[in-house]
1. Quickly work out the residue 207-to-residue 225 label distance, labels modelled 7 Å from Cα along the C-beta direction, and quote it in nm with one decimal.
2. What's the FRET efficiency of residue 268 with residue 45 using the Cβ-Cβ distance as r and R₀ = 56 Å, to the nearest 0.05?
3. Distance from the Cα centre of the stretch 70-130 to that of the stretch 143-177, in angstrom?
4. Could you list 157, 20 so that the one with the fewest beta carbons within 10 Å of its beta carbon is first and the one with the most is last?
5. Residues in the stretch 223-244 near a label at residue 349, defined as backbone nitrogen under 19 Å from the 7 Å Cα→Cβ point?
6. So if each residue of separation counts as 0.36 nm, and I subtract the Cα-Cα distance between residue 340 and residue 276, what length gain in nm does that give?
7. In 10 Å bins starting at 0, how do the alpha-carbon pair distances of the chain split up by percent?
8. How about the stretch 207-259: which chymotrypsin sites (Phe, Trp or Tyr not before Pro) there are in a DSSP loop, with at most 16 other Cβ atoms within 10 Å of their Cβ?
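What follows draws every value from the coordinates through simple rules; no lab data is involved. The structure presented is a predicted model; accordingly, all values stated were derived computationally and were not measured. Backbone-built Cβ (ideal geometry, glycine too); neighbour counts: all protein chains shown.
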Amino acid sequence: MTIAELKKVYKGKKIFLTGHTGFKGSWMLYLLHHLGADVKGYALAPQRKQDLFNVIQGNSLCTSVIADIRSYKKVEKEIIDFQPDFIFHLAAQPLVRYSYENPLETIEVNALGTANVLEAVKKIKKQCSVILITTDKVYENKEWIYPYRENDRLGGHDPYSMSKACAELVISSFRNSYFNLADIKNHKKGIASARAGNVIGGGDWSTDRLIPDIAKALCAGKPIHIRNPYAMRPWQHVIECIGGYLELGAALKNDPVKFSAAWNFGPTALDNITVEMVLEEFIKAWGKNTSAVKKDKPTVHEAQFLSLDINKTMYELKWAPKYNWKEAAKLTAEWYKAYDKKPASVAPIMTETIQSYFK
C-alpha cells in the first residue's frame, strides 16, 4: 500500500499502541503520526537517553501512558476510555537471553499481557481491529531447512519462545471463545496475530542483540563480540514488518472473517542468511575496517536455523518484502552512523525511509 492508501485507513482513527516506547513501537508510532492517526501509547518508560522514543520526541506524537501491561485494571481503563478503532499490541519482553534469567516475568508480560489486552477488548462495544504481535520463534523449532507455516506446531525451547507460543494460544482461545467469527455481527472484532522474523533497523539499543552490539562497539571503537556466527535467521528491516502490520490492520477492518488468523512476516528464502554475513555487511556499510571481531561461545541454547514461509501473507494479504538483507543492513548501518555524528539527524532519515518504502 502507498502512503495515500494507508492514510485513507488510518488518518483520524484512534489507535491504541502498546509498547510504543520500544524499538519497533517507536517506529510504528512515528509512522502512524505520519499517517495522521490519533495514537494513545501504553508502555513502560524508555530505559535509556538514546532510546528511539526519546530521539523522535515520542511524547509529542501521542498520548503516552506509562504503565505495566501486566496491570489488567490499568489496561482496561485506558482501552475503554479511549475506545480505539485499532489496537496494535507490541508490548513484550523481547529478549531470549534475558528470558532465561527472568522466566516468570517473561511469561507474565508476553502471555498474561496479551490476555489482558484481549480481556479489555471484550468491553469495547464498537467495531475494533486487533493485531497482536508475537514472533517467528513461536514454532516448535526442529532445526530443519523447511520454513515454518502458520499452521505448523507451536513450541519453544527457551522461555521467551515458549511465552510467545503461549500468547498465540491465548489469542486463539479468545478468538474462538469470545470473538468467534460466526458471531462477528454482534461483537464486531477482528483478531489477528503477526509473526515477524529477525527485525533490524536504526534505534534498537537492546542488550544481547546483534545489531545494537555491533553499533555500540563501532561507535565506541571497541571490539565487536558476536555469538553463534553461523546461526541462520530471517532478517528484515523494521519498516517491512510494521508496514505489514498496518496492511494487515487495513485488511482486517475490511474483512475480519478472512483475516482473523495468524500471519508470517519475513524475508524471501534468499534472505535467510547467517549472523556473520550480516556483521560483515554492516561493517562494510559503516565504512570502517575492523579486525577486532570476537566470536564468543553461547552460554544458553539458541536455535541455529529458523526460516518462515510467507506464501500465505504474500498471496492472501498481497504483502511482500521490498528490501533484501544487504539493503536492510545498509539502511540500518547508515542510521547508526548518522546517530553517532548527530542524533537529531535521524528523524529526517526515518521520514525519508518511510516515504521511499511506501512509494
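1. Output for this residue pair reads 1.2 nm.
2. The value I calculate is 0.90.
3. Here the two parts' Cα centres lie 17 Å apart.
4. 157, 20
5. Correct set: 236-242.
6. 20.7 nm
7. 5, 26, 37, 25, 7, 1, 0
8. Here the chymotrypsin sites (Phe, Trp or Tyr not before Pro) that fit, given the DSSP loop and packing criteria, are 230.
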